[in-house]
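Reading through the structure tokens given below for one structure.
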Amino acid sequence: MRKPKKPPQKKPQEWSSHPRPSTRSVGAFLPARPPFVNNATLLTALGPHADWSNVGFKVREVNGHVSSTYSKTTGQWTAPEFVWDPYLRIHGMAPALNYGQQCYEGLKALRNPDDRSIHIFRPAENAKRMQHSASFVAMPAVPEKLFLECVHLAVARNAEYVPPSASGASMYIRPLLFGSSAQLGLAPPEEYTFLVTYPPLSPSSFSSSSPPSC
């Protein structure tokens, strides 16, 4: 009897540094959104009468986040993936949780005066700073081109959460890099995860935040 053939296993798509379409135009990445997102107008994600100037400095649910994973075995990053979920699945023995092996950045996306386009403030500088931070905690540097691709994709998939220009508010972008595979002991893990999350912020969020009481 002939043995049935095993179906071919799909390999995860790897990120490539080869030229891709320009990521300068955020609108180029706008996807077909799931049915629960109001797509009638770009600026009603928080409701038709949202007070964009008073969204505050707190976590608000958006469409999801962008994720890419580095494998020490292959030495490659996976292609950026948009995840329709605010939660992460991570092993309890991940170095990020046990040994604090992580670093993050913070930058802003703002609407231009016409409200039809979005500007991200100096993302290349944040990419370089994250590479510097990663070197201090023994993590692989996120290539600048991958960093920019993930940030632009994240903003495009959540464009309706970027406040109108007149409000003075912005979208806060949080790139995060951490050791994500199980590791017992102080040794480099097999896997690292880079992700980009973001909430909208009011213009006074940082200036009005009161320090924690000790």
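Nothing in this text is a laboratory measurement; each read-out follows from the coordinates by a stated rule. This is a predicted model, so every value here is computed, not measured. Methodologically, a virtual Cβ is constructed for each residue, glycine included, from the backbone with ideal geometry; neighbour enumeration extends over all protein chains shown.
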Here the residues of the stretch 134-155 lying in the modelled label zone of Leu186, meaning backbone nitrogen under 16 Å from a point 7 Å along Cα-to-Cβ, are 136-139
Whole-percent tail of the Cα-Cα distance distribution for the stretch 66-206, cut at 23 Å, equals 37
Net charge near Glu125 (other residues with Cβ under 14 Å of its Cβ; Lys, Arg +1; Asp, Glu -1) is +2
With +1 at each Lys and Arg Cβ and -1 at each Asp and Glu Cβ, the charge dipole magnitude of the stretch 66-206 around its Cα centre, to the nearest 20 debye, comes out at 200
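By how many nm would the segment from Ile90 to Arg122 grow when fully extended, if each residue of separation counts as 0.36 nm and the alpha-carbon distance is taken off? Please report the intermediate quantities before stating the final value.
Working: separation 32, 0.36 × 32 = 11.52 nm, distance 3.04 nm.
Fully extending the segment from Ile90 to Arg122 adds 8.5 nm.
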Taking a crude spin-label model, label points 7 Å out from Cα along the C-beta direction, the Val83 to Ser71 distance in nm is 1.8
The answer for Val83, listing residues at least 5 apart or on another chain whose modeled amide H is closer than 5 Å to its amide H, is His65, Val66, Ser67
